[in-house]
Amino acid sequence: MENLGTIGTTEEQIELMDVATNFCRDKSPIEKVRALIDDELGYDPGVWKEIGELGWLAIAIPE
């Protein structure tokens with residue numbers, strides 16, 4: 001069988017994970033998430049706006 005090598009994580013991916021982790025920690029503390037469960041809308045439009053501004057909504061689309 002051919003050696004396919006090791007699949008690694010790039011510096012860019014690590015940076016994105018760090019930014020996303022910090023964003024979620026800052027914008028979605030557990031108390032806020034629990035409150036949104038009972039909210040009629042069920043999500044925070046401001047957070048989704050910021051996610052869009054960060055370009056995360058199109059992250060799976062090649063440049």
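The values are calculated or read from the model by the stated rules, or taken from the named source; none is laboratory data. What you see is a predicted model, and the numbers here were worked out from it, not measured in a lab. Cβ: placed from backbone, ideal geometry, glycine included. Neighbour counts: every protein chain shown.
Listed values, structure above:
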{"item": "Of all residues in the stretch 14-34 being more than 17 Å from Leu57 (Cα to Cα) and among the β-branched types (Val, Ile, Thr), the one that is surrounded by the fewest Cβ atoms within 10 Å (Cβ to Cβ)", "result": "Ile30"}
{"item": "Positions within the stretch 13-63 being acidic (Asp, Glu) and either in contact with a strand residue (DSSP E or B) (Cβ under 6 Å, 6 or more places away or on another chain) or in a loop (DSSP other than H, G, I, E, B) (or both), in sequence order", "result": "Asp39, Glu40, Asp44, Glu63"}
{"item": "Cβ-Cβ under 9 Å pairs, at least 6 apart or on other chains, the stretch 22-41 side of a type in the set (Gly, Ala, Ser), far side outside any helix (DSSP H, G or I)", "result": "Ser28/Asp44"}
{"item": "Count of the stretch 40-63 residues which are of a type in the set (D, E, K, R), loosely packed, with under 12 Cβ neighbours inside 10 Å and at pLDDT 95 or above", "result": "3"}
